[in-house]
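In what follows, a single structure is set out as structure tokens and then discussed.
The values are calculated or read from the model by the stated rules, or taken from the named source; none is laboratory data. Here the structure is a predicted model, which is why all the values come from computation and not from measurement. Here the Cβ is made from the backbone with ideal geometry for all residues, glycine too, and neighbour counts use every protein chain on show. Just the protein is used for accessible areas: all its heavy atoms, side chains included, with ligands, DNA and RNA removed. Shrake-Rupley method; radii C 1.70, N 1.55, O 1.52, S 1.80 Å.
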Amino acid sequence: MTHTWIKGMDVSFLDEIEQEGGRFYTEQGGESEDCLDILRAQGTDSIRLRLWNDPVGGFCSLERTLYMIKRIKEKGFHVLLDFHYSDKWADPANQWKPKAWENLSYDELRQAVYDYTFVVLNMLRAQGTLPDMVQIGNEITPGMLWGEGRVDGEGYDTDEQWERFAGLVKAGIAATREVSESIRIMIHIDRGGDYASSQKFYDRFTALEVPFDVIGLSYYPWWHGTLDDLKFTLNSLALRYHKDIVVVETAYPWTLEQKEEGFPLIVEKPEQLHPGYEASPQGQLKYMQDFVQVIRNTPEGRGIGFYYWEPCWIPSKTEWSVGHANNWSNLTMFDYSGTVLPALNI
């Protein structure tokens, strides 16, 4: 069992932010600094990056990921690489195959997962920057690589579909193990506040003998319930599966006010807030302090850390390569000007 605490940040947008002129500061009116240096100085020790097969905008591609991981590793960070196995967002509502894989049979698709995972990790090994941990899929509660790997919805939640889904995941795991036995394997779903759904998922994977090391959960209060719900889920999963657990995505607002017209927010109403935590820099700090304590109190020492999702996605422009606006700019750990907020230093 690994007892090392992870204080992680997902900075997958950082490459695009920097190329488009976004800047970061430790104090108002100060000189801009490398965002990674600011994160490091504030105690961050791990970075998470997503990888898309052939993204329209070019960011989060293999080419840019090779560049970013090299830069991140040179600064001494632990790295979690998040394989989406898609050309775009993969999440509970979207698990679409890469365009290049759309017409493959199931056996060909499984081979494609193996080959792609192996090639990516082998290229990272060649440049001396293997990730320390990988996710085989992103928020794969409903399966991945739909429809062959789909397990939610009418006609899909069947033993046969679960076996096919698990086969795809096992292909990615096998390729990872072939490149390096030292890389830890995370299986990530989105149900941080829903123990029943989490148990159903991991019971299936346990029965199907999917060989993974770490349980990964997303937890956003406006979607997944209260910190008490998170605590119950973490505690129950730890005692049932005896695996390390990371809350691999979370965030909390530091304001409900838009930067200006044209910068919409996904969290913009008081009723979306967690009771007891206001939308302010101090409210965000208090949320993070209590959130971290919940993870640290997980039985058997199984709560080994967290990743904050996109703390650096400041509103430095209106149009982004992902095809939609930045609706996350009040959930960052930097204010609208790029100046660090108190919650980063927890």
As an exercise: evaluate Leu51 against (1) of a type outside the set (S, T, N, Q); (2) more than 16 Å from the chain's Cα centre (by Cα); (3) open to solvent by less than 10 Å² (accessible area, probe 1.4 Å) and give the number of the one condition it does not meet. (2)
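Please specify each residue of the stretch 110-129 satisfying the condition of being part of a loop (DSSP other than H, G, I, E, B) and either open to solvent by less than 40 Å² (accessible area, probe 1.4 Å) or farther than 21 Å from Met68 by Cβ (or both).
Filtering the stretch 110-129 down to residues part of a loop (DSSP other than H, G, I, E, B) leaves 127-129.
Thr129, the sole residue that qualifies.
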For the stretch 169-203, how many residues are open to solvent by less than 60 Å² (accessible area, probe 1.4 Å), part of a helix (DSSP H, G or I) and without any contact (Cβ under 8 Å) to a residue 60 or more places away in the chain? 10
Tell me, which residue of the stretch 220-258 that is part of a helix (DSSP H, G or I) and among the aromatic types (Phe, Trp, Tyr) is most open to solvent (accessible area, probe 1.4 Å)? Trp223
Residues of the stretch 87-104 that turn out to be open to solvent by less than 50 Å² (accessible area, probe 1.4 Å) and touching a residue at least 40 places away in the same chain (Cβ under 8 Å), as a count: 7
In the stretch 43-97, which residues are assigned to a strand (DSSP E or B), among the aliphatic types (A, V, I, L, M) and within 18 Å of Phe165 (Cα to Cα)? none
Would you please list the contacts, defined by Cβ atoms under 7 Å and residues six or more apart or on different chains, that run from a residue in the stretch 286-303 that is within 18 Å of Met333 (Cβ to Cβ) to a residue that is of a type in the set (Gly, Ala, Ser) and in a helix (DSSP H, G or I)? Met288/Ala343
In the stretch 1-40, residues that are open to solvent by 50 Å² or more (accessible area, probe 1.4 Å) and free of Cβ contacts under 8 Å to residues at least 12 places away in the same chain total 4
Let me spell it out: the conditions are (1) more than 25 Å from Val169 (Cα to Cα); (2) touching a Pro at 6+ places or on another chain (Cβ under 9 Å); (3) among the hydroxyl-bearing types (Ser, Thr, Tyr), and Tyr85 meets all of them except one. Which number is the exception? (1)
For residues that are open to solvent by 50 Å² or more (accessible area, probe 1.4 Å) and modelled with pLDDT of 95 or more, tally how many sit in the stretch 289-331. 6
Scan the stretch 332-346 for residues that are part of a loop (DSSP other than H, G, I, E, B), surrounded by fewer than 23 Cβ atoms within 10 Å (Cβ to Cβ) and touching a strand residue (DSSP E or B) at 6+ places or on another chain (Cβ under 9 Å) and jot them down. Ser337, Gly338, Leu341, Ile346
If Phe263 meets every condition in (1) open to solvent by less than 20 Å² (accessible area, probe 1.4 Å); (2) under 21 Å from the mean Cα position of the chain (by Cα); (3) more than 30 Å from Thr129 (Cβ to Cβ) apart from one, which number is that one? (2)
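Quick check on Ala207: is it open to solvent by 20 Å² or more (accessible area, probe 1.4 Å) and touching a residue at least 60 places away in the same chain (Cβ under 8 Å)? Steps first, please.
Working: open to solvent by 20 Å² or more (accessible area, probe 1.4 Å): yes; touching a residue at least 60 places away in the same chain (Cβ under 8 Å): no.
Considered against the rule, which asks whether it is open to solvent by 20 Å² or more (accessible area, probe 1.4 Å) and touching a residue at least 60 places away in the same chain (Cβ under 8 Å), Ala207 comes out as no.
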Complete set of residues in the stretch 179-198 that are among the polar types (S, T, N, Q) and more than 20 Å from the chain's Cα centre (by Cα): Ser180, Ser182
Every residue in the stretch 303-331 that is assigned to a loop (DSSP other than H, G, I, E, B) and either in contact with a His (Cβ under 7 Å, 6 or more places away or on another chain) or under 16 Å from Lys7 (Cβ atoms) (or both), please. Glu310, Pro311, Cys312
Which ones in the stretch 1-42 are more than 30 Å from Pro299 (Cα to Cα), assigned to a strand (DSSP E or B) and of a type in the set (D, E, K, R)? Glu33
All-but-one check, Asp107 against (1) surrounded by fewer than 17 Cβ atoms within 10 Å (Cβ to Cβ); (2) in a strand (DSSP E or B); (3) not aromatic (Phe, Trp, Tyr), failing number (2)
